[in-house]
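Notes to accompany the following structure.
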Amino acid sequence: FQAESHNVASVKYKDGMQSHGRRLVEAEKTIRQALAQQEFILYFQPQLNLLTNRIDGVEALVRWQHPEKGLLAPGEFLSDIAALGLSGELDNYVLELACQTNARWYQTYRRRVAIAVNLSATEFQDPKLIAKIQTLLLSYDIPPKYLELEITEDVVITDIRSAMDTIFVLQNMGIKVSIDDFGTGYSSLAYLRDLPIDKIKIDRSFITEFAANDSDLTIVKSMIRLSHGLGKRVLAEGVESIEQLNLLRKLGCDAVQGYFINPPLPEEKFVSYLTRK
Ligand code: C2E
Ligand code: MG
Ligand code: MG
Ligand code: MG
């Protein structure tokens, strides 16, 4: 009986594994195809500088223009891409597309805007990252200060020494590095002190209710003060109302991003927005 029940359990387990495996094999095929056929595109979310009241940055956010399923957000495919070990390939593709687009905006509209690109841990830890970025900036003729790389706290913490080396090199090249989703990972105040990070992006989860929630307000205030005390810029993510915007302005936050300013926009919309301002 025991052997039998063991068998049944192990068959079930194997079945589950197989269908999971089959799904990933399928996903790998469509994702590689999508990369080759350039189905991944970028949306652009403006970053509003609260001192100048101008758009002085934009975050590139990947979308998958799926031939059957339509436009997919990163939440629908990034975990498959990571599980398949394809994060580096996607990030390389996005980095190049971001540089290409930035160069085109300059050629067409004579307008330079700093473009922020999200990097996975894999990409950030790739020893070839620096060389790849150097090549991109040279071939698209982009001054380094117009490229910003967004990494999360966890990426830094995974291997703090090598992260520190990479960030130092990037900073010496003139490239900006920011910490995304700040406050949601394993933060270490020591790395904030030691790293030449340009900007801290306060995670949306602290902004959602901070106008009405004393604890969140305290955290947001402290993050702004902490950033400024360490000589870094601070941006609030996920600003959805005028109240949030006004309060952040009052608290001395440097920049904001969120649906109240603009949702992520397709390129044509972003450009008309950019050239209008
Ligand atoms: P993130 O870098 O923190 O980007 C901000 C996310 O919040 C975006 O979701 C954006 O659409 C959303 N957002 C912006 N303003 C608001 C707001 O006011 N309210 C709400 N509710 N949401 C807002 P998205 O585009 O779905 O991207 C999700 C995450 O996927 C990103 O979070 C980033 O971690 C990752 N990601 C996006 N593009 C790339 C990429 O090219 N490479 C890598 N490695 N990761 C990416
Ligand atoms: Mg980001
Ligand atoms: Mg974020
Ligand atoms: Mg996020």
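Do we have any residue at all in the stretch 198-216 that's crowded, with 20+ Cβ neighbours inside 10 Å, more than 16 Å from ligand 3 (Cβ to nearest atom) and free of Cβ contacts under 8 Å to residues at least 60 places away in the same chain?
no
Within the stretch 259-277, can you find the residues that are open to solvent by less than 60 Å² (accessible area, probe 1.4 Å) and either closer than 16 Å to Ser205 by Cβ or in a loop (DSSP other than H, G, I, E, B) (or both)?
Ile261, Asn262, Pro263, Pro264, Pro266
For the stretch 139-258, please list each of the helices (runs of 4 or more DSSP H) lying entirely inside it that holds at least 1 residues being hydroxyl-bearing (Ser, Thr, Tyr).
153-158, 160-173, 189-194, 204-207, 214-229
Just for strands (runs of 3 or more DSSP E) wholly inside the stretch 16-77: which have at least 1 residues that are in contact (Cβ under 8 Å) with a residue 60 or more places away in the chain and either more than 16 Å from ligand 2 (Cβ to nearest atom) or open to solvent by less than 20 Å² (accessible area, probe 1.4 Å) (or both)?
Output list reads 40-49, 54-66.
Return the only residue of Leu189, Leu195, Leu245 being closer than 24 Å to Leu129 by Cβ and more than 16 Å from ligand 2 (Cβ to nearest atom).
After applying the criteria, what remains is Leu195.
Please list, ordered by first then second residue, the pairs with beta carbon atoms under 6 Å, 6 or more apart or interchain, first in the stretch 170-193 and modelled with pLDDT of 95 or more and open to solvent by 60 Å² or more (accessible area, probe 1.4 Å), second within 14 Å of ligand 3 (Cβ to nearest atom) and not aliphatic (A, V, I, L, M).
So the pair list comes out as Lys176/Glu148.
Six or more apart or on different chains, Cβ atoms under 6 Å: show the pairs whose first residue is in the stretch 233-258 and without any contact (Cβ under 8 Å) to a residue 60 or more places away in the chain and whose second is in a loop (DSSP other than H, G, I, E, B) and more than 13 Å from ligand 1 (Cβ to nearest atom).
Pairs that qualify, where the first residue is without any contact (Cβ under 8 Å) to a residue 60 or more places away in the chain and the partner is in a loop (DSSP other than H, G, I, E, B) and more than 13 Å from ligand 1 (Cβ to nearest atom), are Arg233/Asp254; Val234/Cys253; Val234/Asp254; Ala236/Cys253; Glu243/Ala211; Gln244/Ala211; Leu247/Ala211.
Hey, could you check the stretch 87-114 for residues that are of a type in the set (D, E, K, R) and in a loop (DSSP other than H, G, I, E, B) and say which is farthest from Glu28 (Cα to Cα)?
The extreme case among them is Arg110.
What number of residues within the stretch 102-135 are out of contact with any Phe, Trp or Tyr (no Cβ under 8 Å at 6 or more places or on another chain), open to solvent by less than 20 Å² (accessible area, probe 1.4 Å) and of a type outside the set (Gly, Ala, Ser)?
Here the count works out to 7.
Exactly one condition in (1) surrounded by 20 or more Cβ atoms within 10 Å (Cβ to Cβ); (2) within 16 Å of ligand 4 (Cβ to nearest atom); (3) among the charged types (D, E, K, R) is not met by Glu240; state its number.
For Glu240, the failing item is (1).
The values are calculated or read from the model by the stated rules, or taken from the named source; none is laboratory data. Predicted model only: the values in this text are computed from it and were never measured. Every residue, glycine as well, gets a Cβ built from its backbone with ideal geometry; the counts of neighbours run over all protein chains shown. For accessibility, only protein heavy atoms count, side chains too; no ligands or nucleic acids. Shrake-Rupley method; radii C 1.70, N 1.55, O 1.52, S 1.80 Å.
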